Structure formats: C-alpha cells, structure tokens
Amino acid sequence: MSSLARRVAQVLVAWLAYGLAAALVALPVSVVWALQHASFEDSLGAFPVEVSLAHDGRSTVDTGVLGKIYWERTGAGGFGADIRSTGPPEAGGTLSSYVSPAFLRVNAAFVDDPAAVAEVYGAELRDQVVDGLLRLELAIGVVVGGLLTAAFRGGAPPYPRRRGSWRWRAGLTAGVLATGLGISTVVALQAFHAWSARDDEAETYPMPGVDGVSFSSPQTVEVAQQVQPFIEKNQTRIEENARAYTDAVAASFDTELPLHAADLTPREGEKVVVAEADPQGSLVGTRARKAMYPRLAEVLGEDALMVRTISGDISSNGTVAEKGFVKGEAGASPDIPTVAVKGDHDSDTTVEQLRDHDVQVPDLETVDVDGLTIAGAADPAFKALFGGLVTNESGLEERDLGVELRELVDGLDDSPAVIALLHQPRAVSGYLGITGTSELADTIGHETVPWDDGIDDVPPGLVDFGHLHDVAGPWVVWNTGEEGDTDHEVTWTVVSQLGTSGGVLEAPTFNRFSTPFSVPLKTVSLQLQYVDGESGLQTGYAPIDVSVDGTVTIGDRVDVGLPGGQPLTRGDLGLD
C-alpha cells in the first residue's frame, strides 16, 4: 500500500472513530430532540391537522375555533399525542358552522374508532422519532467527526506525556467520553422536563359522564353534550346495519352465483380481470366484496382470476389515519394480485400504504401479471374530503397525463395488448386522442362488428377508469388501420367507465355522505373482464352489482371484439 493510501485510510478511520464518539456523546440530546420534533400532517374528518408527541400526562386536540380537548390517556412511556388544527375545516363557510352540532356529527362519523386512529398515529410517530434520531445522529457524526479529524490532522488527540501508559490513555479517553455523555444527559433531562411540563393553571371543563375528557372552553362542553347522544344512539345502529348489510350480501351472492356459474366460467385460453374503481375508504363495501372473491375463485376455477385492478380513489382522504382501511383493501383478495393507480382522493401516503401491503401501483410505467401487461398513471390532483379544495402541485393536466401514458404504451416492444388504468375521464380522452369520452357513444352497437369509428387507431387492449361513481360503457374502439391495407391486423380496445366498488356518493353534502363504517349509499359495482391469454385482447365482460339493501345482481356475460379473441386482417374481414 502506498503512503498516500495509508494516509487516506488513517484519516477515514479517524473520521469514523471521532464521528462515533461524537454521536455517542450527543445521543441523549438527540433522543429528546427527535421526540420533540416528531410530527406529520394529516386530516381527521374534515379537519386538517398536525400530529406531534406530548409527554404531559394527556393527549390534546387543539381545534382552533373550538378550543382544546384533553384526553387523560397516554401510551407507552407516558407519551400522548398533540393534535393541532392547521387550517379551517370544510364546513358551511362561516365560523358559526364550525361549532354546529351537525358539523361535529359529520366528523364524528369519520373518526368512529379513536383507538384505531391512535394506533396508526402512534406507529407513524414512532417511525418519525426513529427516522429523526438516525438523521440527526448521522449529521452529528459526519460534521463533528469531520471537524475533530481536521483539528487533530487525522490522528489521535494529543495526550500529556506519561511513561508506559496505553492503559492510562484508554482510561483518559473513557473519562472524557463519560464526562461528555454525563453533561449531554443532564442537558437532555432538563430539556425533556421543560417539554413535559404541564400547565395546571389553565382552567379545564370536564365532560359530564365521560371520564378523562375535558375541554378548554365551557361553550365547547355544551356543544359536545348536544352531540354525545347522537353518537351513542347512532354508533350501535350503524354497526348493526353494517352487519346486516354484509350478511345480506353474502346470502344473496351465495344464491345468485351458482345460477350464473356456467355463463361466467371463462372459455378456453381466457383469463379474468376483476376490475374495480373508487372503493374510497368504505370498510363495509370492502368487507362485502372480500367475501365474494374466494367464492368466485371456487366457482370459476382457482386459476381463473388473474388480477384485481383498482382505477383510483382507494382512500377517502389520503390520510395516515386510513392505513387500516388501505391494509384491508389490499388484503381483500389475498390470492389475487392487485394493481391500483392513485386517484384524486388518494395521496402519496396512500401509495406508500398500498405498496407496503404488496399492491403494485404503476405511475407512468408498466407491470406484468401472469403475462398481462398493465400500465397506469397516478392522478396528479388531490381533492379534499367534501370536494371543496382541489390541489395539483405538479401542474400536469389530466389530459396531458393520458397523453404521457399513451406515449409510454406506444413505445413498448413485443407487447400484444395493454390494460391501461387511469382515474379521470379527461385522462382517458388524452390517452385515446379524442376530445372527450362522449365521442365514444357512437361506438354503441358495434361491440363485435369492426367498422370505421372515426377514431385514430389506439393501443389494443383495455382502458379502465372511474371517478364518476357510475357505470357506463363498455365502448369498443376498432383499430382498423388505413383503407386499402388488406394485411393490417384489426384489433380493438375496450373502454370501461367503472362504478364505485365502495358504494360511495360522488357528491357528498353535510346532510348526506358516505362514511367508512356505514352502509353504502350507492350500488357497489365491479366487473369481470375476460381477456384472451394469447392476444391480451378483451373478449367479454360481466357486471356484478350490490344494491344498497344488499341484493346481488350478476349480469349475463356480454361478448366484445372478434370471436376467439384473435385479430384478423382487413382482407379477412372484407373491410376493403
């Protein structure tokens, strides 16, 4: 080894040693800093909030206009949550509407299980503390370690001369580290005590009949007393109705499925895609569908259901608190791979939650599932719970998103057909190169007969979208090529507007809205899409609908495209 290499190695070892020493000494202070600065933003019902840790013997919700709510309950280590409203909630547009019983009832419906929310928030805060601690300790190790390395020129610190003394030097080093660690611990304890101090002088007003809950304002206590009977009365009713609904769905499905089994069974060489959109946080809708998937697999064949797709709006508000629902939706079909795209009610948090539970979420990319090529693009917008606020930080328009996905698909090699997942109709228009999806109406009646539909050829396969919470189509676009080109292979693209698989209202109001825990207010719908395994082209579809009273309706299979699912030339079809 050259002298330069030895010198570089010596400096790096010194940097590492000094960095580790600095990180050790700073560890107590770093822990307290990480605890104090752990926070994240979320939404509780219609309230945008910032969530952080507290250690004053209680958990606090600071609503702003409504004052503070104190809960004399903490988790492990005595830590509680400090939840602070960061902006005005969506209400009636006036300050008085924020304290109305009607508005509070809406938010109570979206936070039906505080214990579940507390568990999710606790896990997120724990991750924030660990992440913050590691980042701070790394920064201290790199920076302070580098400074000490430079100060001592990459060597050991100077020690007073003492004969025979490697033990003495080791003891001195340990003493310096212990002293530094002791000082850091004292500083950390003082900072932790100051942070944990509780303001017992602030007057609080207990909630009558509810142990451990108090408020900072007597007016808020009065509002809470008005809301409490509603919550107590309706929580039991909501749970009973939800159980009755899921039981009715299971019984109806078990009755209907055998009657349609022969018609629904895929033909030779076909694969089945279970296509859905907009479950939008409905725990009850997911629970009802979860019971269907294994029965479908049992009747249609264990290997018949190849993939489940969700065309956006998995969650209702894209929040950390919805982690439990996203996990349930991801696991609703454990034996069927799931591919989803982000909708405008989802967030980057939703995407992370989906991926954490093995759902593939393509964004201007493709995934392969058992030979089926699936392309998807994330909706660039985010819409708040009641639709009052729509943001799009990317600046990308929906139509342009569809154009970008089309460019990606056009550039694929050796892919016979593609299943394209989008969320909004405008994105679909961009993908298909048309002005709007209303242009597809002219294709009705030509589902199995090729014709010149006036639409330029598009990538063959399927295009699924949601957003509107109503079923329309499917429409078949024929890719017939140029007149006179008798050797051109005619393919087709089936475009499907899917309904809501959660039975969620698309335009909620404060008087009528869907919640995760209540019975669906619209028909729950999904679609079985039959695809030829060789060509990748769709050959048929069958709708499955669940009414608001739990009655299941299974539609007859409808064929689309050419018989057998294989393309034919213009000459073979006699188009010229």
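Remarks
- Of all the criteria given as (1) at pLDDT 70 or above; (2) not in a loop (DSSP other than H, G, I, E, B), the one not satisfied by P208 is (2).
- Single residue of segment 104-119 satisfying the filter (crowded, with 18+ Cβ neighbours inside 10 Å and under 18 Å from the mean Cα position of the chain (by Cα)) that is modelled with the highest pLDDT: V117
Residue by residue, here is whether (1) open to solvent by 10 Å² or more (accessible area, probe 1.4 Å); (2) polar (S, T, N, Q) holds:
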| position | (1), (2) |
| --- | --- |
| A291 | yes, no |
| T319 | no, yes |
| G328 | yes, no |
| V339 | no, no |
| V351 | yes, no |
| L354 | no, no |
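- The residues listed here are D278, D247, D313, D263; of these, the one that is at pLDDT 90 or above and surrounded by fewer than 13 Cβ atoms within 10 Å (Cβ to Cβ) is D263.
- Listed conditions (1) in contact with a Pro (Cβ under 8 Å, 6 or more places away or on another chain); (2) surrounded by 15 or more Cβ atoms within 10 Å (Cβ to Cβ) are all met by S394, apart from (2).
- Whichever residue in segment 21-60 is open to solvent by less than 30 Å² (accessible area, probe 1.4 Å) and among the aromatic types (F, W, Y) and, among such residues, is farthest from A139 (Cα to Cα): F47
- Extreme residue, most open to solvent (accessible area, probe 1.4 Å), among residues of segment 466-480 that are in a loop (DSSP other than H, G, I, E, B) and either at pLDDT below 85 or in contact with a His (Cβ under 8 Å, 6 or more places away or on another chain) (or both): H467
- You will find that of V13, V8, V31, the residue that is at pLDDT 75 or above, within 23 Å of G132 (Cβ to Cβ) and outside the structural domain of S316 (by the TED database) is V31 and no other.
- Considering residues of segment 165-180 that are modelled with pLDDT of 80 or more and surrounded by 13 or more Cβ atoms within 10 Å (Cβ to Cβ) only, the residue nearest to L20 (Cα to Cα): L177
- Scanning segment 306-354 for residues that are in contact (Cβ under 8 Å) with a residue 60 or more places away in the chain, more than 19 Å from E41 (Cα to Cα) and hydroxyl-bearing (S, T, Y) yields a count of 2.
Yes/no matrix, rows are residues, columns are (1) outside the structural domain of A417 (by the TED database); (2) over 25 Å from L408 (Cα atoms); (3) not acidic (D, E):
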site: A441; (1), (2), (3): no, yes, yes
site: W451; (1), (2), (3): no, yes, yes
site: D456; (1), (2), (3): no, no, no
site: F465; (1), (2), (3): no, no, yes
site: V476; (1), (2), (3): no, no, yes
site: G484; (1), (2), (3): no, yes, yes
site: D487; (1), (2), (3): no, yes, no
site: V490; (1), (2), (3): no, no, yes
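- Qualifying position, being modelled with pLDDT of 80 or more and among the acidic types (D, E), among E232, E240, E201: E240
Every residue, every condition in (1) at positive phi; (2) assigned to a strand (DSSP E or B); (3) touching a residue at least 60 places away in the same chain (Cβ under 8 Å); (4) not small (G, A, S), yes or no:
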site: V25; (1), (2), (3), (4): no, no, yes, yes
site: S30; (1), (2), (3), (4): no, no, yes, no
site: F40; (1), (2), (3), (4): no, yes, yes, yes
site: V49; (1), (2), (3), (4): no, yes, no, yes
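- Comparison of D303, D254 shows that the only residue that is in contact (Cβ under 8 Å) with a residue 40 or more places away in the chain and of a type in the set (D, E, K, R) is D254.
- For segment 295-310, filtered to residues that are within 16 Å of S252 (Cβ to Cβ) and modelled with pLDDT of 90 or more, the residue that is surrounded by the most Cβ atoms within 10 Å (Cβ to Cβ) is L296.
- Considering segment 382-392, and only residues there that are closer than 13 Å to H467 by Cβ and over 14 Å from the mean Cα position of the chain (by Cα), the residue that is modelled with the highest pLDDT turns out to be V390.
- Qualifying residues in segment 433-488 (those that are in contact with a strand residue (DSSP E or B) (Cβ under 9 Å, 6 or more places away or on another chain) and of a type in the set (S, T, N, Q)) - the one farthest from A420 (Cα to Cα): T486
- Residue ID - surrounded by the most Cβ atoms within 10 Å (Cβ to Cβ), chosen from residues in segment 423-448 that are in contact (Cβ under 8 Å) with a residue 24 or more places away in the chain and either among the aromatic types (F, W, Y) or not in a helix (DSSP H, G or I) (or both): H423
The values are calculated or read from the model by the stated rules, or taken from the named source; none is laboratory data. Computed from a predicted model, the values in this text were never measured in an experiment. Don't worry about glycine lacking a Cβ; one is built from the backbone with ideal geometry, like all the others, and counts go over all protein chains shown. Please note that ligands, DNA and RNA were not included when accessible areas were found on the heavy atoms of the full protein model with its side chains. Shrake-Rupley method; radii C 1.70, N 1.55, O 1.52, S 1.80 Å.
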